[in-house]
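Shown next, in structure tokens, is the structure this report addresses.
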Amino acid sequence: MKSVWAALLVAVLTAPAAYAKADYHGLPPAGAAAQGATLVAVCAACHGSNGISVSPAYPNLAGQHYNYILKQLENFRSGARKNAIMSTMAMTIPPSKDHANLKDIAAYFSRLSPMSAHLASPAAAASQQIELGRTIYDRGVAGKDIPSCAACHGLGGEGNGPMAIPVLAGQHAAYVLTQLEQFASGVRHNSPGHVMHSIARAMNAAQEAAIAAYVRQLDPATVLGIGPKDFPAYARTLAPAGTAGRKAAGTPTSSATGAAGAGAAAH
Ligand code: HEC
Ligand code: HEC
């Protein structure tokens, strides 16, 4: 009798492990990216072998966070996120112990050079729409339940790996727009605590389009405080034409820039 209970206990304790969710807050296993390269031939047809997709309707995956990609693949496979094309594609990935195949694929795409590095003209001429997008992205809209996107996705749109918050910088505008629409309508409902549902629902069409245009041209390398810094180039983006005085006041002396540059190089 005792052994029956023991067997049952073992069964109960081990069964959940077989269906356990992938731990998408962890780090990719060693050698995962190289292994992933052998699994992505089918994905490349739409997402590109360099992770830059062939159509703006398909998301770029280059440099997207490992943790986020892993979560999305798991969500497509479980049905938590649905898409006519991608749900089918995710099921073509052969099952593997501890989600090894999903981790390998996620590691592969996360290691490719970031999507923002592929922009033809990162410093796109600032249009009115992009400026509106920047304001909403950086500060949110007070009184309208739209928080600053930067608070979670980063000022440079670089996302947050351990938190599985996606990179937005350099993502296709058409794709970003459909995701915001789908979060708002509830078609996509896999964000933790439905945070993106609440946010997207509070936005109007013009605001969504402005955000999509803004993040498309966003390059984390040009945003102060993130990545390699080029302060003079950054300062130029801040100073509208005809405000030379302000620009001069806000621009550090060349010796300060040089010292900062030398400091960065020394590390
Ligand atoms: C026939 C085209 C096609 C193929 C092939 C394809 N995908 Fe996709 N993929 C899509 C589309 C379309 C979406 C956007 C789905 C949506 O709107 O929810 C997507 C979304 C994704 C996302 C979510 C990205 C994000 O930013 O949220 C990941 C991850 C992904 N695909 C990985 C893969 C992998 C891995 C493979 C290969 C096993 C693959 N895809 C094959 C079309 C494709
Ligand atoms: C509280 C944190 C938080 C804030 C604030 C936030 N987001 Fe998100 N966002 C997330 C998380 C987490 C996800 C990933 C959801 C998932 O797991 O599928 C996400 C996903 C997205 C996606 C989908 C990207 C993709 O590759 O599919 C878009 C687009 C997006 N957010 C845009 C925005 C915009 C625009 C704002 C500001 C108006 C914003 N977010 C504010 C946390 C946040």
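Numerical summary
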{"quantity": "Check on Ser49, among the polar types (S, T, N, Q), out of contact with any strand residue (DSSP E or B) (no Cβ under 9 Å at 6 or more places or on another chain), near ligand 1 (Cβ under 9 Å from one of its atoms) and not in a helix (DSSP H, G or I)", "calculated": "no"}
{"quantity": "Residue within the range 113-120 that is more than 9 Å from ligand 1 (Cβ to nearest atom), aliphatic (A, V, I, L, M) and over 15 Å from the mean Cα position of the chain (by Cα) present", "calculated": "yes"}
{"quantity": "Within the range 175-267, helices (runs of 4 or more DSSP H) holding 3 or more residues that are under 19 Å from Ser116 (Cβ atoms) and at pLDDT 55 or above", "calculated": "205-217, 231-238"}
{"quantity": "Hits in the range 65-90 (condition: of a type outside the set (Phe, Trp, Tyr) and farther than 21 Å from Gly193 by Cβ)", "calculated": "Arg77, Asn83, Ala84, Ile85, Met86, Ser87, Thr88, Met89, Ala90"}
{"quantity": "Residue satisfying condition, being under 14 Å from Arg216 (Cα atoms), assigned to a loop (DSSP other than H, G, I, E, B) and away from ligand 2 (no atom under 12 Å from the Cβ), within set Ala126, Ala117", "calculated": "Ala126"}
{"quantity": "Meets criteria (more than 12 Å from ligand 2 (Cβ to nearest atom) and either touching a residue at least 60 places away in the same chain (Cβ under 8 Å) or assigned to a helix (DSSP H, G or I) (or both)) for Lys103", "calculated": "yes"}
{"quantity": "Subset of the range 73-93 that is more than 15 Å from Ser191 (Cα to Cα) and of a type in the set (A, V, I, L, M, F, W, C) - its residue that is surrounded by the most Cβ atoms within 10 Å (Cβ to Cβ)", "calculated": "Ala90"}
{"quantity": "Residue under evaluation Tyr175, criteria (1) within 8 Å of ligand 2 (Cβ to nearest atom); (2) aromatic (Phe, Trp, Tyr); (3) more than 13 Å from the chain's Cα centre (by Cα), criterion not met", "calculated": "(3)"}
{"quantity": "Count of residues meeting criterion [assigned to a loop (DSSP other than H, G, I, E, B) and either in the same structural domain as Asn190 (by TED's automatic domain parsing) or more than 8 Å from ligand 1 (Cβ to nearest atom) (or both)] in the range 61-100", "calculated": "8"}
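Okay, residues lined up against (1) within 22 Å of Leu168 (Cβ to Cβ); (2) crowded, with 19+ Cβ neighbours inside 10 Å; (3) among the charged types (D, E, K, R):
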site: Ala41; (1), (2), (3): no, no, no
site: Ser53; (1), (2), (3): yes, yes, no
site: Asn60; (1), (2), (3): yes, yes, no
site: Lys71; (1), (2), (3): yes, yes, yes
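The values are calculated or read from the model by the stated rules, or taken from the named source; none is laboratory data. Just so we're clear, the structure is a prediction, and the values are computed from it rather than from any experiment. With ideal geometry, Cβ positions are generated from the backbone for all residues, glycine too; neighbour counts draw on all protein chains shown.
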